[in-house]
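The values are calculated or read from the model by the stated rules, or taken from the named source; none is laboratory data. This is a predicted model, so every value here is computed, not measured. Cβ placement follows ideal geometry from the backbone for every residue including glycine, while neighbour counts extend to all protein chains displayed. Heads up: the accessible areas ignore ligands, DNA and RNA and are worked out on the full protein's heavy atoms, side chains in. Shrake-Rupley method; radii C 1.70, N 1.55, O 1.52, S 1.80 Å.
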Amino acid sequence: MTAPTLPFDDLEQVYEHLATTLDELPEAEESHFLAQLALALAHRIPDADQVMAAIDEARQGATLD
């Protein structure tokens, strides 16, 4: 059984909200905000391995450019 995931439409809505929020922040505060967001989301996931996997997935995605 696979873990439930966010439906694509909801994921798009989250992406838009994140993008808007980042646009509203001064560039110097973006990294701090993203770290705070990551910790807030990680706090809601009761499995450290899943959190670590998500960090690795994001890191891999960041190097695809």
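Key figures
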read-out	value
Residue, least open to solvent (accessible area, probe 1.4 Å), within the stretch 1-34, restricted to residues that are in a helix (DSSP H, G or I) and among the β-branched types (V, I, T)	T21
A58 vs. criteria at pLDDT 95 or above and surrounded by 11 or more Cβ atoms within 10 Å (Cβ to Cβ)	no
